[in-house]
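Input: a single structure, listed below in structure tokens.
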Amino acid sequence: MSSFEPDQFESRGRREWVLSLFFIALSGLLIALPSPAQEQVAGVFRGTVLAPFIFLQESLSQARVRAAEMAELQMQLDAATAALSAQRTLLDENQRLRALLELRGRAGPGFQSASVIRAGTRGSESMILLDVGRDDGVQVWDPVVSAEGLVGVIREVGPSTSVAMDWTHPDFRVSAMTLDGTAFGFVEPRHGAFREEDRLLLNGVPYYTTLEEGTAVVTSGRGVYPRGILVGVVESLAEIEAGWRRGYWLVPAVRPAAVTHVLVMTTEASPSGDPRPGEEGMDAFWGLWADPPPDTLAPLVETDIPGGVEVDPGVSPDPDTIPGSGGPGP
Amino acid sequence: MRRLGFYRTILCLLPVLHFLLHVGFGMGRGAPDLLAVGLLLLAREVRTGTAAGIGFFLGLLEDAFSLLAFGANALACTLLGVLGSRSRELFVGESLLFLVSYLLLGTWLRAALHWVVAGDDVRRDATQALLIEGPMDAVYAALVGVLILLVTGVWRRDPSM
């Protein structure tokens, strides 16, 4: 019956178009999904179909670290051992003094070492996979650091893996300050024409505060990042809003593309929900990434700021009371 | 003549090779976009709806690593699958020149579609993305794709043509 053939072809053709439109609409729906739902869908694929590929890179990465960086790791271990030995006396003294003053023990951070796994696929920029997860005490918003400084923050946690965003992610923000505590601001990423040109901007610095080139900028302890993690060093003046604020380009402490091994700062040592070290103490990480200032957070007397803030010696300044200082982080 | 079963098996293995190079060996942009090559060649072997489905699935796999533009790869690959499948009605070719041109244009189109669909957070300068990186990636992927097909012997010109 030849009269039926055109109908059959037409029907099949229509079905193919409907199917195509269905998949196009489904793709559009994926884009419109809220972020947590997107991460759930992505997590399912990473944990199933793509798991062998991730496992392969994880194994290769670990083998590479073991083979190529053994000598360097040994040197770092020796240096760390020497530094710890020198600080042991201070630690004991500090614990005795805290006991005398009836202060509770400081909530120390737990460091989880992790191998960095990069997808290297289109759209996977600013994202790194780590081979530690919930079972290792990692939680969402735990800071990710390397020997050079701040790398990023954990965004999603699975049982044995986690997803972190590095500082090139557009949502990345960190409340930061100079080592001497004279300037506070927000650090945010700025994209260059190439990925290699991405850099950081220290924004919201008070107009009358000028920063010299090479000034170290560290996390201020406001928000999710403990105080004292090196973010970068001042490179040059980026922008001025007359009479109000300045922005400075920073040379990032860490180039995410070069990172193969990181540490996740967990709150495992503080299961009771004690505050992070940066919120409680002033000098939790001084010396780990940058030399501590001569007097830890020297008295802040900004005489050239109209209505400037004057803080008593020995009392840490509250960033919220300083003009132009950053508020809490993400 | 192509041995159809072996040819399709190789095409199905191209996306696997893509993830092996990009994710497994962590080569990143040093590896060619074999996902697009596999999808473009598979799309010419199947119906439009099936090609869209394959594109959607492969794109979704790439999106599993995308924090910034989730869904952009899925949409780009779905559209590429549809266009690749419909291209049979416009172009009938078995020559090496056609194969290279088809893969080159298709791979560039995939990059362009992703650039359009991805949000401002991911989108780079248009000149950089579409006129420099896009064509370079497309040439690389097309050449490697053709080389794989020639080396495996699945693509040979029909002597009768």
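The values are calculated or read from the model by the stated rules, or taken from the named source; none is laboratory data. Keep in mind that what you see is a predicted model, and the values were worked out from it rather than measured. In this analysis, Cβ positions are derived from the backbone assuming ideal geometry, glycine residues included, and neighbour counts consider all displayed protein chains.
When B:GLY81, B:GLY93 are checked against the criterion of being farther than 16 Å from A:GLY123 by Cα and not in a helix (DSSP H, G or I), B:GLY93 stands alone in meeting it.
Yes/no per residue for (1) surrounded by fewer than 21 Cβ atoms within 10 Å (Cβ to Cβ); (2) at pLDDT 90 or above; (3) of a type in the set (S, T, N, Q):
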| residue | (1), (2), (3) |
| --- | --- |
| A:LEU200 | no, yes, no |
| A:THR219 | no, yes, yes |
| A:ARG222 | no, no, no |
| A:GLY228 | no, no, no |
| A:GLY232 | no, yes, no |
| A:TRP244 | yes, no, no |
| A:TYR248 | no, yes, no |
| A:VAL251 | yes, yes, no |
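Only residues that are surrounded by 21 or more Cβ atoms within 10 Å (Cβ to Cβ), more than 14 Å from chain B (Cβ to nearest Cβ) and part of a loop (DSSP other than H, G, I, E, B) were counted in the stretch A:147-163, giving 1.
Regarding A:ARG46, is this residue among the charged types (D, E, K, R) and facing chain B (nearest Cβ under 9 Å)? Yes, satisfied.
The rows are residues; the columns are (1) part of a helix (DSSP H, G or I); (2) more than 8 Å from chain B (Cβ to nearest Cβ); (3) modelled with pLDDT of 85 or more.
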{"position": "A:SER3", "(1), (2), (3)": "yes, yes, no"}
{"position": "A:GLU16", "(1), (2), (3)": "yes, no, yes"}
{"position": "A:ALA37", "(1), (2), (3)": "yes, yes, yes"}
{"position": "A:PRO52", "(1), (2), (3)": "yes, no, yes"}
{"position": "A:LEU84", "(1), (2), (3)": "yes, yes, no"}
{"position": "A:ARG98", "(1), (2), (3)": "yes, yes, no"}
{"position": "A:GLY108", "(1), (2), (3)": "no, yes, no"}
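Condition first: at pLDDT below 90, farther than 25 Å from A:GLU197 by Cα, surrounded by fewer than 22 Cβ atoms within 10 Å (Cβ to Cβ) and in contact with a helix residue (DSSP H, G or I) (Cβ under 7 Å, 6 or more places away or on another chain). Can you find one or more residues in the stretch A:171-181 that meet it? For the stretch A:171-181, residues at pLDDT below 90, farther than 25 Å from A:GLU197 by Cα, surrounded by fewer than 22 Cβ atoms within 10 Å (Cβ to Cβ) and in contact with a helix residue (DSSP H, G or I) (Cβ under 7 Å, 6 or more places away or on another chain): absent.
If you go through the stretch B:9-28 and keep only what is in contact (Cβ under 8 Å) with a residue 12 or more places away in the chain and either facing another protein chain (nearest Cβ under 7 Å) or in contact with a helix residue (DSSP H, G or I) (Cβ under 6 Å, 6 or more places away or on another chain) (or both), you end up with B:ILE10, B:LEU11, B:LEU14, B:PRO15, B:LEU17, B:HIS18, B:PHE19, B:VAL23. Surrounded by fewer than 20 Cβ atoms within 10 Å (Cβ to Cβ), in a loop (DSSP other than H, G, I, E, B) and in contact with an Asp or Glu (Cβ under 7 Å, 6 or more places away or on another chain): is that true of A:GLY192 in this structure? The answer is yes for A:GLY192. The set of residues in the stretch B:52-68 that are more than 14 Å from B:LEU35 (Cβ to Cβ) and either more than 7 Å from chain A (Cβ to nearest Cβ) or buried (at least 24 other Cβ atoms within 10 Å of the Cβ) (or both) comprises B:ALA52, B:LEU67.
Quickly run through the stretch B:113-127 and pick out the residues that are assigned to a loop (DSSP other than H, G, I, E, B) and of a type outside the set (A, V, I, L, M, F, W, C). Result: B:GLY119, B:ASP120, B:ASP121, B:ARG123, B:ARG124, B:ASP125.
Across the stretch A:224-246, what is the total count of residues that are part of a strand (DSSP E or B) and either closer than 12 Å to A:GLU213 by Cβ or touching a residue at least 60 places away in the same chain (Cβ under 8 Å) (or both)? Quick ask: steps written out before the conclusion?
We begin by selecting, within the stretch A:224-246, every residue part of a strand (DSSP E or B); these are A:230-241, A:245-246.
Now narrow it down to the ones that are either closer than 12 Å to A:GLU213 by Cβ or touching a residue at least 60 places away in the same chain (Cβ under 8 Å) (or both): A:230-237, A:245.
Going through the stretch A:224-246 one residue at a time, the tally reaches 9.
Among the residues of the stretch A:237-255, at least one is within 26 Å of A:GLU39 (Cβ to Cβ) and in contact with a strand residue (DSSP E or B) (Cβ under 8 Å, 6 or more places away or on another chain).
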